[in-house]
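Participant: Take a look at this one; I'll ask things after.
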Amino acid sequence: MVSDSKDPPPNFPPRALIVGNFCHDFLIRDAHVVTESLGGAASFISTVFDGLSVPYLTVSKVGDDFAYSTNQSPIVVPNSKTTTFRAFFDSSIAGDGHGDRILKRVAACAPILPSDLPDFRFDFGMAVGVGGEVLPETLERMIEICDAVFVDVQSLIRVFDEIDGTVEHVNLKESGFFHLLPRIGFLKASAEEAPFMDVEEVRKLCPVVVTNGKEGCTLYSNGSQLQIAPFTATQLDPTGAGDSFWGGFAAGFTAGLAVPDAALLGNLFGSLTVSQIGLPHFESRILQRIKDEVERRKLQCMGSCDPGENKLIHRMPEGHEQFQKLLGLVRSEWQLNLPASPRATEQVNGQHKLL
């Protein structure tokens with residue numbers, strides 16, 4: 001039995017449904033705990049949606065030990081632990097922040113069931129489990145109640161070592177979700193996760209987005225692919241960068257941006273996230289700049305793109321490079337206003353603390 005304490009979102013009815021558990025995240029570098037923070041893809045995506053004024057509803061489960069406040073109350077499972085991850089980093093290993101990371105799930109909350117989802121329709125859904133909490137039947141229910149569903153492949157292929165909880169992966173075909181791919185909107189995978197699926201096969205079933213850190217991302221559809229440029233960032237913590245990317249991508253696409261432009265917006269939010277430790281803070285003035293640029297770009301595309309072209313991946317839309325430059329200027333302005341020490345950044349909203 002669970003205690004359902006979900007509150008109506010402030011902007012009701014919501015456009016988006018986010019499904020995935022909130023977590024406790026611990027970042028450990030060279031055997032020392034650097035920070036503990038609110039985690040889970042749902043927390044990063046909801047932060048992006050809050051910043052971009054996207055009304056949403058989150059369905060997330062936590063234990064009665066949950067240590068953080070969130071804009072929307074999760075479902076509390078009595079006598080259960082909140083899903084907890086420990087990310088171990090080794091500074092002696094060169095890499096992009098993922099190859100030198102060992103991620104372990106040390107506690108797991110209950111899965112999210114179809115009956116936990118609301119009974120009304122959404123413009124789009126985000127299937128973003130991190131600890132195995134999104135079941136095939138739950139994703140199928142999301143497909144039924146959402147006009148489009150954006151799926152993170154980590155929701156589908158993560159498995160966990162029975163002894164120490166180390167995150168491992170199964171092939172997507174063996175995950176129990178493969179039959180649902182033709183019914184989803186987009187599938188995202190990191191460069192580390194992509195080898196666990198046949199991209200050439202999957203791209204024939206649904207559009208695929210593969211993120212690759214400082215190299216940007218690649219868009220795949222049936223018969224075409226595009227490389228989307230990154231934004232330069234000084235990396236402090238890669239945790240949640242892909243989640244912030246996915247939130248920016250979905251928000252941009254559903255606001256009317258072409259797919260390559262939406263991917264640029266995702267890259268921007270990913271770059272802003274890696275420059276902070278834990279759950280990111282986006283300054284309101286910078287967020288307004290981003291929203292203004294997105295609105296201008298949307299209006300520009302409405303005047304120059306054929307109807308339905310924003311859903312295609314086969315070519316870059318006219319004006320894409322200029323949009324990239326404008327977002328780059330916003331990012332540079334944000335970088336100039338960063339605190340001199342990341343310690344100040346980590347204290348925002350009480351969502352994480354430096355130890």
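The values are calculated or read from the model by the stated rules, or taken from the named source; none is laboratory data. Please read these numbers as outputs of a predicted model, since none were measured by experiment. Here the Cβ is made from the backbone with ideal geometry for all residues, glycine too, and neighbour counts use every protein chain on show. Calculation scope for accessible area: heavy atoms of the full protein, side chains included, ligands and nucleic acids excluded. Shrake-Rupley method; radii C 1.70, N 1.55, O 1.52, S 1.80 Å.
Participant: Read through the list (1) modelled with pLDDT under 60; (2) open to solvent by 100 Å² or more (accessible area, probe 1.4 Å); (3) among the charged types (D, E, K, R), then give the number of the only condition that Glu346 fails.
Facilitator: (2)
Participant: I'd like to verify a number: residues in the range 70-84 that are assigned to a strand (DSSP E or B) and either among the hydrophobic types (A, V, I, L, M, F, W, C) or open to solvent by 40 Å² or more (accessible area, probe 1.4 Å) (or both), how many? First the steps, then the outcome.
Facilitator: Step one: filter the range 70-84 for residues assigned to a strand (DSSP E or B), giving 75-77, 84.
From what is left, the residues that are either among the hydrophobic types (A, V, I, L, M, F, W, C) or open to solvent by 40 Å² or more (accessible area, probe 1.4 Å) (or both) are 75-77.
Total satisfying the criteria: 3.
Participant: Can you name the number of the only condition in (1) assigned to a helix (DSSP H, G or I); (2) within 27 Å of Phe89 (Cβ to Cβ) that Pro238 fails?
Facilitator: Failed condition: (1).
Participant: Of the residues Val159, Val151, which is aliphatic (A, V, I, L, M), in contact with a strand residue (DSSP E or B) (Cβ under 7 Å, 6 or more places away or on another chain), open to solvent by 30 Å² or more (accessible area, probe 1.4 Å) and in a strand (DSSP E or B)? Working first, answer last.
Facilitator: Details: Val151 fails: open to solvent by 30 Å² or more (accessible area, probe 1.4 Å).
Only one candidate qualifies: Val159.
Participant: For residues that are in contact with a Ser or Thr (Cβ under 7 Å, 6 or more places away or on another chain), in a helix (DSSP H, G or I) and open to solvent by 10 Å² or more (accessible area, probe 1.4 Å), tally how many sit in the range 8-60.
Facilitator: Result for the range 8-60: 1.
Participant: Output the number of the condition that Gly125 fails; it satisfies all remaining conditions of (1) assigned to a loop (DSSP other than H, G, I, E, B); (2) open to solvent by less than 40 Å² (accessible area, probe 1.4 Å).
Facilitator: With respect to (1) assigned to a loop (DSSP other than H, G, I, E, B); (2) open to solvent by less than 40 Å² (accessible area, probe 1.4 Å), Gly125 is out only on (1).
Participant: Just one of Glu192, Glu201, Glu144, Glu140 is touching a residue at least 40 places away in the same chain (Cβ under 8 Å) and part of a helix (DSSP H, G or I); which is it? Step through it out loud before you land on a result.
Facilitator: On the way: Glu192 fails: part of a helix (DSSP H, G or I); Glu201 fails: touching a residue at least 40 places away in the same chain (Cβ under 8 Å); Glu144 fails: touching a residue at least 40 places away in the same chain (Cβ under 8 Å).
Glu140 is the lone residue from the list that is touching a residue at least 40 places away in the same chain (Cβ under 8 Å) and part of a helix (DSSP H, G or I).
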